[in-house]
Amino acid sequence: NYNRDVEIYPVLRQMFCEIYGSSPYASPTDMGVNMAGFCIDDEDTVSEAARQEIIRRYFSTRNRVIAKLCDPQELQKQEMVMKQAGVTIGDRPVFSRARALQDETGDFAAALEFEDGTIITGKNSELMGPASAMIMNALKYKAGIDPSRHLIDPENFAPIQRLKVNYFGNQNPRLHTNEMLIALSMTARSDPEARRALEQLPALAGTQSHITSALSEVDQSVLSSLKIQTTFEADKV
């Protein structure tokens, strides 16, 4: 906190002078507040990261407005910032890819981008939601497993779905990300490829993703725990 630096500077300067004879800091600012610029050695990378953060915050605010957690004026401010920065939601690669897949399939979709620019997609199905399918496909990609290979036997989905619908009262039988990962971990006990896929979870840290549907709190928590920077689309404003 710069205000605290200003307040404590006279004390710190006096301590340095009494101990060392002089102070290495000529002012509160000199104590480090203005040193951030020296850490930036790639302006283009930093600028692009900033633009992507603006887009992520736009989606976050949009979802908060829909959930009536903040005033619509906040979204208008975000839109103004985007306009000033010259960015649109289409500048987020995973958004464009997920929307393209949704247009192609007619159902919700998701996309995840690795640092090298590779984008993996997932779509809604009878067994998994788009976020779960996206993570499963990303794990198979990183593990070098055939994308068409079923790492979880479709028959193993049925007991979990019955539990959700018949006992927990869920209307959506599709597996959330946590349920899919638990099922995958159980399969990994006897399937080397499932185990190899599960071991790729740390590789998802720092990736970008977008889901074209609303995202449950459970899925948001799992994606956050995996350090995936996610945006999603709730119902229309």
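The values are calculated or read from the model by the stated rules, or taken from the named source; none is laboratory data. Source: prediction; values computed, not measured. Glycine gets a Cβ as well: all are built from the backbone with ideal geometry, and neighbour counts include every protein chain shown.
Determine if segment 102-118 includes at least one residue that is among the small types (Gly, Ala, Ser) and farther than 25 Å from Leu204 by Cβ.
We begin by selecting, within segment 102-118, every residue among the small types (Gly, Ala, Ser); these are 106, 109-111, 117.
Then drop every residue that is not farther than 25 Å from Leu204 by Cβ, which leaves 106.
Scanning segment 102-118 turns up at least one residue that is among the small types (Gly, Ala, Ser) and farther than 25 Å from Leu204 by Cβ.
Considering Ala197, Ala205, Ala188, which residue is free of Cβ contacts under 8 Å to residues at least 24 places away in the same chain, more than 25 Å from Asp107 (Cα to Cα) and crowded, with 17+ Cβ neighbours inside 10 Å?
Exactly one residue qualifies, and that residue is Ala188.
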Evaluation of Pro159 against (1) in contact with a Gly (Cβ under 8 Å, 6 or more places away or on another chain); (2) part of a helix (DSSP H, G or I); (3) surrounded by fewer than 22 Cβ atoms within 10 Å (Cβ to Cβ) (one fails), failing number: (1)
Tell me the residue from Arg149, Arg189, Arg174 that is under 25 Å from Gln200 (Cβ atoms) and touching a Gly at 6+ places or on another chain (Cβ under 8 Å), please. Arg174
From the set of residues in segment 16-33 that are surrounded by 12 or more Cβ atoms within 10 Å (Cβ to Cβ) and assigned to a helix (DSSP H, G or I), which is modelled with the lowest pLDDT? Val33
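Condition check ((1) assigned to a strand (DSSP E or B); (2) surrounded by fewer than 12 Cβ atoms within 10 Å (Cβ to Cβ); (3) of a type in the set (S, T, N, Q)) across all residues:
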site: Lys83; (1), (2), (3): no, yes, no
site: Arg97; (1), (2), (3): no, no, no
site: Ala100; (1), (2), (3): no, no, no
site: Ala111; (1), (2), (3): yes, no, no
site: Gly122; (1), (2), (3): yes, no, no
Scan segment 141-154 and give yes if some residue there is out of contact with any helix residue (DSSP H, G or I) (no Cβ under 6 Å at 6 or more places or on another chain), farther than 30 Å from Asn63 by Cα, in the same structural domain as Lys227 (by TED's automatic domain parsing) and modelled with pLDDT under 90, otherwise no. yes
Pairs where the first residue, in segment 1-13, is within 17 Å of Pro24 (Cα to Cα) and the second is modelled with pLDDT of 85 or more, C-beta under 6 Å, 6+ apart: Arg13/Ser23
Considering every residue within segment 60-71, establish whether at least one is farther than 30 Å from Ile211 by Cα and outside any loop (DSSP other than H, G, I, E, B). no
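Going through Arg99, Arg64, Arg92 one at a time, which residue ends up being touching a Cys at 6+ places or on another chain (Cβ under 8 Å) and under 30 Å from Ala133 (Cβ atoms)? So that I can check it myself, show each step before the final result.
On the way: Arg99 fails: touching a Cys at 6+ places or on another chain (Cβ under 8 Å); Arg92 fails: touching a Cys at 6+ places or on another chain (Cβ under 8 Å).
So the residue among Arg99, Arg64, Arg92 that is touching a Cys at 6+ places or on another chain (Cβ under 8 Å) and under 30 Å from Ala133 (Cβ atoms) is Arg64.
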